[in-house]
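See below for the structure under consideration.
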Amino acid sequence: MMHHRSIGDADVYNIVELIGPTHDPARLYPDLPRGEFEKLIPSLIPAHYAVSTDRLIIGIQIWVIKIGTEVIIIDTGVGNAKPRELPRFDQLNTLVPEWLAAIGAGSEQVTQVINTHLHGDHVGWNTVADGNDWVATFPNASYWFPQIDYDWWLPIFKEKNGIGETEAFTDAVMPLVNQGRVQFYQAGQVFTPGLSAASASGHTPGQMRIDLLRNGQKGVFCADIFHSPLQILRPDINTVVDVEGDIARATRFAFLEEMADTGALVMPCHFGTPHCVRIIRKGDGFDFVPG
Ligand SMILES: [Zn+2]
């Protein structure tokens, strides 16, 4: 599944690798009492919550930007043929390569791959199998990893030997590091004119957002500052997978303040259709308009 938008002279596409009513609200948002969740349901149906199964609809996006001769991917989903503990991520066999090729982002065409953070659902297509090795899916691309996130996760990967939350390090992160394919970036990194990194820490310690500003139009790839629009309505609510809760909450409030009523297109990784939003102020808080 592919969608296209323009931001100034940049073409922005998203590939939906997976989507469905997968997440029990009580499990993803354990701090949100059921009664308070139920007040939000009218704002979440039908794109972000399935009433019949009581599950939040969560997608996995692979964002692609084309500017001039640059073909840039932001976050690379789960990937095919990777052994994963989570059954719905294990040994996938999707058509992502064909979908990427269809928008001119085939393996040879991509010039840069940027990971916002190093969770397994954001790095998977960094690599593909080549015999017993894992090699760059995009052989002509520069790969960019956020330095702070890498430094945070590396000791955990070593301690746990690639089991659990750093399992993707084994096949999607370390092979590229060991092959000398990776450049590490910090906030302020400019990838091409009008495309730069800013800190979005909290969900993971080194998570970055990627800001796109072209011809006076703005879009922000905000990674996992939010997992669902629920957190635009209730920015105080963290997910169970936010590593640094207080920082994640502060980042979310500051981001909403910055984006509200600016018209900027906000492009997270996990929203249901149409996968991006614009933020507006409502009373003392915030609301969203499908983007
Ligand atoms: Zn994620």
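The values are calculated or read from the model by the stated rules, or taken from the named source; none is laboratory data. Since we're looking at a predicted model, the values are computed, not measured. Cβ sites come from the backbone with ideal geometry, for glycine too, and all protein chains shown count toward neighbours.
Let's see how each residue does on (1) of a type outside the set (S, T, N, Q); (2) farther than 25 Å from GLY59 by Cβ:
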{"site": "ASP75", "(1), (2)": "yes, no"}
{"site": "LEU86", "(1), (2)": "yes, no"}
{"site": "LEU118", "(1), (2)": "yes, no"}
{"site": "ASN126", "(1), (2)": "no, no"}
{"site": "ASP133", "(1), (2)": "yes, yes"}
{"site": "ASN161", "(1), (2)": "no, yes"}
{"site": "PRO175", "(1), (2)": "yes, yes"}
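Take the residues in the stretch 212-264 that are among the charged types (D, E, K, R) and surrounded by fewer than 17 Cβ atoms within 10 Å (Cβ to Cβ); name whichever of them is nearest to GLY8 (Cα to Cα). Reasoning before the result, please.
Our first condition is that a residue be among the charged types (D, E, K, R); within the stretch 212-264, this holds for 214, 218, 224, 234, 236, 242, 244, 246, 249, 252, 257-258, 261.
Still in the list and also surrounded by fewer than 17 Cβ atoms within 10 Å (Cβ to Cβ): 236, 246, 257-258, 261.
Working: ASP236: 33, ASP246: 35, GLU257: 23, GLU258: 20, ASP261: 18 Å.
Of everything passing the filter in the stretch 212-264, ASP261 is nearest to GLY8 (Cα to Cα).
Sort out which residues of the stretch 191-211 are within 15 Å of LYS66 (Cα to Cα) and aliphatic (A, V, I, L, M), and write them in order of number. Steps first, answer last, please.
Step one: filter the stretch 191-211 for residues within 15 Å of LYS66 (Cα to Cα), giving 191-196, 210-211.
Hits for the stretch 191-211 are LEU195, ILE210.
Whether any residue in the stretch 125-144 is assigned to a helix (DSSP H, G or I), at pLDDT 95 or above, surrounded by 14 or more Cβ atoms within 10 Å (Cβ to Cβ) and in contact with a helix residue (DSSP H, G or I) (Cβ under 9 Å, 6 or more places away or on another chain) is what I want to check.
yes
Just to be sure, is PRO146 closer than 30 Å to PRO87 by Cβ and either aliphatic (A, V, I, L, M) or within 15 Å of the ligand (Cβ to nearest atom) (or both)?
Working: closer than 30 Å to PRO87 by Cβ: yes; either aliphatic (A, V, I, L, M) or within 15 Å of the ligand (Cβ to nearest atom) (or both): yes.
Judged against the criteria, PRO146 is a match.
Can you find even one residue in the stretch 5-22 that is hydrophobic (A, V, I, L, M, F, W, C), at pLDDT 95 or above and more than 23 Å from TRP144 (Cα to Cα)?
Checked the stretch 5-22: at least one residue is hydrophobic (A, V, I, L, M, F, W, C), at pLDDT 95 or above and more than 23 Å from TRP144 (Cα to Cα).
At least 2 residues that are among the aliphatic types (A, V, I, L, M) in each: list the strands (runs of 3 or more DSSP E) lying fully within the stretch 164-214 that qualify.
Correct list: 195-199, 208-214.
Between residues in the stretch 242-266 that are closer than 15 Å to PRO229 by Cβ and residues that are in a helix (DSSP H, G or I) and modelled with pLDDT of 95 or more, which pairs lie under 9 Å by C-beta distance while being six or more apart or on different chains?
Here the result reads ARG252/GLN231; ARG252/ILE232; LEU256/ILE232; VAL266/ILE232; VAL266/PHE255; VAL266/MET259, each pair linking the stretch 242-266 to a residue that is in a helix (DSSP H, G or I) and modelled with pLDDT of 95 or more.
Can you tell which of GLY219, GLY291, GLY272, GLY245 is at negative phi and modelled with pLDDT under 95? First the steps, then the outcome.
Values: GLY219 fails: modelled with pLDDT under 95; GLY272 fails: modelled with pLDDT under 95; GLY245 fails: modelled with pLDDT under 95.
Only one candidate qualifies: GLY291.
Those residues that are among the small types (Gly, Ala, Ser) and near the ligand (Cβ under 10 Å from one of its atoms), I need them from the stretch 106-133; list them, please.
Matches in the stretch 106-133: GLY120 only.
Take the conditions within 16 Å of the ligand (Cβ to nearest atom) and in contact (Cβ under 8 Å) with a residue 60 or more places away in the chain and apply them to LEU230. Does it pass?
yes
Can you name every residue in the stretch 238-291 that is within 16 Å of the ligand (Cβ to nearest atom), part of a loop (DSSP other than H, G, I, E, B) and β-branched (Val, Ile, Thr)?
Across the stretch 238-291, the qualifying residues are THR239, VAL240, VAL241, VAL243.
Going residue by residue through the stretch 100-112, is there one that turns out to be farther than 30 Å from GLU244 by Cβ and of a type in the set (Ser, Thr, Tyr)?
yes
Looking at ASP171, ASP224, can you tell me which residue is out of contact with any Leu (no Cβ under 8 Å at 6 or more places or on another chain) and within 16 Å of the ligand (Cβ to nearest atom)?
ASP224
Which residue, of THR53, THR69, is in contact (Cβ under 8 Å) with a residue 24 or more places away in the chain, exposed (fewer than 13 other Cβ atoms within 10 Å of the Cβ), among the hydroxyl-bearing types (Ser, Thr, Tyr) and farther than 19 Å from PHE271 by Cα?
On the way: THR53 fails: farther than 19 Å from PHE271 by Cα.
One residue alone meets the criteria, THR69.
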